[in-house]
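Engineer: Sharing a structure here in structure tokens format.
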Amino acid sequence: MTEKKIPDAWKRRRTRVDPPDLHEAITAAQCLTEEIDAQVEIASQLMGMSPELVRREVLKLSRLPPARSVPNPIATRGARPVVVEHRKRRIVQVNASKP
């Protein structure tokens, strides 16, 4: 049985990691807690910024009325969510010597 060869271009692929912008980090922090100090701490750790810079933005955004929930356009079309899992390859050993 021959094993399929993986193309060289596939071996060079890397996962791109984009850190959140400040607004996304603050929104995530607001979803986790209602305490302003905790929101500042969470958002500053996500962004790697000083808490003083983040505090001003958190206070600005906390004064705004909450945004209305916008329906997910993919979910409204009847599509199902996709979950990607990594599974280990199964190694099958064949016993070459038979009695």
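Engineer: List every residue pair whose Cβ atoms lie under 8 Å apart, where the two residues are 6 or more positions apart in sequence or sit on different chains, the first residue falls within segment 43-60 and is without any contact (Cβ under 8 Å) to a residue 40 or more places away in the chain and hydroxyl-bearing (Ser, Thr, Tyr), and the second residue, located anywhere, is exposed (fewer than 12 other Cβ atoms within 10 Å of the Cβ) and not in a helix (DSSP H, G or I).
Structural biologist: Going by the 8 Å Cβ cut-off, the qualifying pairs are Ser44/Ser50.
Engineer: Another question, if that's okay. Within segment 34-60, work out how many residues are at pLDDT below 90 and outside any helix (DSSP H, G or I).
Structural biologist: Going through segment 34-60 one residue at a time, the tally reaches 3.
The values are calculated or read from the model by the stated rules, or taken from the named source; none is laboratory data. Quantities reported herein were computed from a predicted structural model and do not represent experimental measurements. Because the Cβ atoms are built from the backbone with ideal geometry, glycine has one as well, and the counts that use them run over all protein chains shown.
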